[in-house]
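All remarks here apply to the structure that follows.
The values are calculated or read from the model by the stated rules, or taken from the named source; none is laboratory data. It should be emphasised that the depicted structure is a prediction, and the values quoted were computed from it without experimental measurement. Neighbour counts run over all protein chains shown; Cβ positions are idealised from the backbone, glycine included. Only protein heavy atoms, including side chains, enter the accessible area calculation; ligands, DNA and RNA are left aside. Shrake-Rupley method; radii C 1.70, N 1.55, O 1.52, S 1.80 Å.
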Amino acid sequence: PSSAELPPPISVQPPPTTSEPPGTNRASNRAEIFDTAADAPASYGFVYTEEGLAITDAFFKLTKETGGPRAALLKAEKFMGENRHFLDACHPLLHRFGRTLYRQGGPGGMVDAFKQLVDFDDSARSQATALVNGKGPAGAVSGARGGPAKPELSEEVLRLLMVCNGAYLHGIVELFLYKAGLAGHLEEGVTFVQDSICARMGRGWRPPWECRHGVGHGIVQFQRHVHIDNALNDALSTASKTMAGQQGDVWNGIWMDHFASTAYAAHDADDPAMVLMVCYGNAAKHRGDGDCVMYSPTAFLLHRPCAYVPAQQWCRDGCEGVLTGVGAASCEGTCVSGVGMQTLKENMDNLVVLGRVCNKARTSQLASRCISGAKGYYSFAMGRSIPSALCAQIEFPTLQVACKR
C-alpha cells in the first residue's frame with residue numbers, strides 16, 4: 001500500500017463521561033502524542049475545514065482562470081513546502097480535486113480533467129466517452145483494447161501527476177473506472193487506462209506504479225458499489241415480500257442501517273454524489289428513497305464527527321451531483337433535514353447546538369427543514385414533541401418558533 005495513504009480522522013472532542021476501553025478516548029490519545037492541538041493533523045477531515053475549503057476553492061478558481069489544472073498542481077507542489085496542514089492532508093484533498101474536476105468537466109469527463117497534462121487523440125477521446133456512457137461510434141468500446149503505442153509524457157507532467165503521491169491522478173482514474181463499470185465496460189476501461197495513461201509514464205518504477213494503484217482504487221470502488229447495491233436490493237425486496245402494507249417502516253430501518261453501519265472509505269464519504277447515488281439507483285426504485293437521502297449525511301458525520309455545518313454543504317454538493325433543478329433542491333432539503341436529525345440525536349439536551357447548525361443553512365427554507373428533521377427524530381426517540389423549555393435554548397427567534405410549532 002502507498003505510504004502516503006492517510007488514516008481516518010482523529011476528531012477533537014472532550015473526553016467522554018463514561019469509561020471506555022483503553023485507546024478509545026481519542027482526545028486523550030491526542031494529548032499523549034502531540035504537544036499542542038495545532039500539531040495534530042486534520043488528515044481526511046482537512047478537506048472540510050475552513051482552511052481546506054479555501055485551498056480547494058483557490059485550486060478550482062486557478063484551474064478555471066488558466067484553462068486546466070497545471071497551475072493548481074504547481075501551486076499544490078509549492079504548498080507542500082510551505083503549509084504543514086496541506087502537507088499532512090494533501091492526498092485526500094487532491095483526490096477530491098481530481099474527482100470534482102472530472103464531474104464538472106461535462107461530456108469530456110476524464111479527457112477534460114487531464115487537460116494540459118495528458119493529450120488524447122480523437123480516437124482515444126471517442127473511446128473514453130463510449131466507455132463511460134455505452135454510446136458512441138460502433139466499435140469504439142471494443143477498440144479500447146491494444147492499438148499503437150502512445151508517446152511518453154514529459155518529465156514535468158510526470159512530476160505534477162506525482163504531487164502528493166499521485167492523488168490527482170488517482171482521483172480521475174478511479175472515477176473513470178467507476179463510471180465505466182456502471183456502463184458495463186470495466187475491463188475495457190482498465191485496458192484503456194493502461195494503454196492511454198499508465199503505459200506512457202516513462203521507464204521509472206514510480207509513475208506507472210501510481211497509475212496502476214489508481215486503477216486498483218477504481219476497480220474496488222465499482223465492485224463495492226455492485227455488492228452494496230445487490231445487498232440493498234435483496235433487503236428491500238425481502239421487506240416488500242414479507243411486510244406488505246408495512247414495508248415502508250422496514251425500508252426506513254434498512255436505509256438507517258446502511259448509512260450508519262456501512263464502512264465507507266473516508267474519501268468515498270467525501271464524494272457526496274457517490275454516497276447519494278445509491279438513493280437514486282437500481283436498488284432504491286422509490287423504495288424509501290426519501291429516507292435514504294435523509295440518512296445519507298450519517299456517512300459523512302461518522303467520518304467527520306460534529307461537522308454539522310459542513311454536512312449541509314455536503315448535501316448540496318451531493319444532490320447537485322446526481323440531480324438537477326427541482327429534483328436537486330428537493331434532495332437537498334431532505335438531506336439537510338437529516339443533518340438536523342443527526343445533530344439533535346447527538347445533542348439531545350443541548351438545542352443551542354441545533355439552533356446554531358440550522359441557522360447556518362444557506363436559505364431560510366433549508367433552516368426550517370433542518371429544524372423539522374430534529375423534531376421528527378425527537379418525537380420518535382421520546383414519544384412526544386420537543387418541550388418548549390428545550391426549544392427556548394435556541395438563540396434565533398424564528399428557529400425557536402419553528403421548534404415549538
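Points worth noting:
- Between MET243 and GLU187, the simple spin-label model (points 7 angstrom out along Cα→Cβ) gives 3.9 nm.
- Overall shape of the range 42-133 was characterised from the C-alpha gyration tensor. The equivalent ellipsoid obtained from it has semi-axes of 27, 13, 11 Å, in decreasing order.
- Packing order of peptides 71-84, 276-289, 299-312, highest average first: 299-312, 276-289, 71-84 (average count of other Cβ atoms within 10 Å over each peptide's residues).
- Estimated FRET transfer efficiency (ASN282, VAL401; beta-carbon r; R0 35 Å; 0.05): 0.25
- Ordering of 221-228, 240-247, 210-217 by burial proxy (mean other Cβ atoms within 10 Å per residue, highest first): 210-217, 221-228, 240-247
- When all protein chains stay in place and ligands, DNA and RNA are ignored, the 1.4 Å accessible-area order of SER237, SER123, largest first, is SER123, SER237.
- Projection of the Cα convex hull of the range 288-402, averaged over all directions and equal to a quarter of that hull's surface, yields 6.7 nm².
- FRET E, pair ALA389, ASN133, Förster distance 60 Å, beta-carbon r, rounded to 0.05: 0.60
- Cα-only Debye scattering, the range 140-249: base-10 log of I(q)/I(0) at q = 0.21, 0.24 Å⁻¹: -1.07, -1.24
- The range 247-365 - percent relative contact order, Cα under 8 Å, separation 6 or more: 26
- Ordered from largest to smallest accessible area (heavy atoms of protein chains, 1.4 Å probe), the residues ASP249, ASP112, ASP270, ASP121 come out as ASP249, ASP121, ASP112, ASP270.
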